[in-house]
Structures are given as structure tokens and as C-alpha cells.
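One structure coming up, written as C-alpha cells, with questions to follow.
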Amino acid sequence: MTEKMTLALIYGSARQGRFCDTIASWLIRELETSDVFSLTIIDPVRMKSTRGDKSVGPAEWMERKVAEADAFIVITPEYNHGYPAALKEMIDAVYEPWHAKPVAFVSYGGASGGIRAVEQLRQVFGELHAVTLRDGISFAKAWSKFDAAGNLYKPEEMRAPLFLMIDRLTWWARTLKYARKATPYNEIAA
């Protein structure tokens, strides 16, 4: 049996009453039986709560979480045609641990479904030497897709694109993990 890789779900919003929790809960339910990935959560609310902890600062906590992960799914809303400041703060707290790791996106928002935020994030992650996936999930008018308990009204419509995204994320995660072990990324241009 192959050892499970670590998939970090990155919550993109820190707003009180955020819809991100609904999207994340759906995603966790879909992924919790994975025999490929073990899940970990990177949440800006958690990062802020480490500010009072003298043993581990927010940047150190974030660096450790990113270093431990083999792949990422960023769950991002689109606020005012962009991605949230809390997400930018988390991403920018770390540099080298992002290198040569795959990033997929699950976005949500109004009519655009968050795709403008994702396009901006592709540029940011490119600068961090991460590999962004073409395939992702987008929820236009997300609040109309879920019931009050957080269940999708039509879950079958999202499973095919989700499984495609996960299959491709798995391929990239395995490939890049092997490549990082064979030749550490920071040694390439050294």
C-alpha cells in the first residue's frame, strides 16, 4: 500500500459568517474517504489565533503547514473582483515551501463564481514556483446551490468535475513529490 500524501485545504476567507465553511464542509465530505490523501486544514482564522501563542507565530505555523503538504486546494471567494486579503497574507507568509507543489482551486461568488480571483491567484502561485491546475470547481451564486444544512441541491453535477480535478491533482502531487525527492527544487538553479 502506498503512503498517503497530505492534501491541505486552504480556506480563503476570514470573514465572520463566511460561506467558505459551507464549501469546505462539502469538499471534506467528498474527500474524507480518500485512500490517496490525508486532509489538513489551513485557515486564516486559525492563523490569526496563533498570534497570541508565544511558542509558534503565525508565519512559523503557516510555513510548517505548507511544508508538510504535498498538494493544495484553495477554497476562495471573490470579493470585489479579487481574492481576499486574508488569503494573500497566508500565501505571502511563506516562500520556499510552496516550490514545486500543485495547487487546485474551488472558487465561489456571484455570477462569475470566483474565476477572477482564481486567475489572479494563478499569477501569485506562479511566482512561488507552484504548479496550478487548469481543472477546478466554480460555484456561481454559490448560496443558491446549497441547502440550509450545507448540502448541494444537485451533488451529481459537481462530482464529475471534482473527481477530474482530484485525479489530476493526485497525478501532479505524486509526480512532483517524486521529483522533489530525486532533485530538491532549490538545487536546480543553485
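At 18 Å minimum axial length over the Cα atoms and a Kyte-Doolittle cut of -0.5, report the qualifying DSSP H helices in the chain, or say none.
Helices meeting the criterion: 115-127, 155-182.
Something else: Given a cut-off of 24 Å, what percent of all Cα-Cα pairs of the chain lie beyond it?
37 percent
So, one more: Scan the chain and hand back the longest stretch that contains none of the GluC sites (Glu not before Pro) lying in DSSP loops with at most 12 other Cβ atoms within 10 Å.
With GluC sites (Glu not before Pro) excluded where exposed in loops, the chain gives 33-190 as its longest stretch.
Under the rule of -39500 (n - 2.57) per DSSP H run of 4 or more residues, summed and divided by the residues of the chain, what mean residue ellipticity at 222 nm is obtained, to the nearest 500 deg cm²/dmol?
-13000 deg cm²/dmol
Please report the spacing between the Cα centers of segment 21-46 and segment 118-172 in Å, no decimals.
Here the two parts' Cα centres lie 12 Å apart.
Next up: Hey, got a sec? Which trypsin sites (Lys or Arg not before Pro) in segment 111-170 land in a DSSP loop and have at most 11 other Cβ atoms within 10 Å?
Arg134
Now a separate question. Give me the 1.4 Å probe accessible area per residue for the chain, excluding ligands and nucleic acids, in Å².
Computed with neighbouring chains in place, this is 52 Å² per residue.
If you place +1 on the Cβ of every Lys and Arg, -1 on the Cβ of every Asp and Glu, and leave all else neutral, what size is the dipole of the chain about its Cα centre, to the nearest 20 Debye?
180 debye
For the chain, what % of the accessible area comes from carbon and sulfur atoms, probe 1.4 Å?
52 percent
The values are calculated or read from the model by the stated rules, or taken from the named source; none is laboratory data. Because the structure is predicted, anything quoted here is derived from the model rather than measured. A quick note on method: Cβ atoms are made from the backbone with ideal geometry, for glycine too, and the neighbour counts reach across all protein chains shown. Heavy atoms of the whole protein, side chains included, go into the accessibility calculation; ligands, DNA and RNA do not. Shrake-Rupley method; radii C 1.70, N 1.55, O 1.52, S 1.80 Å.
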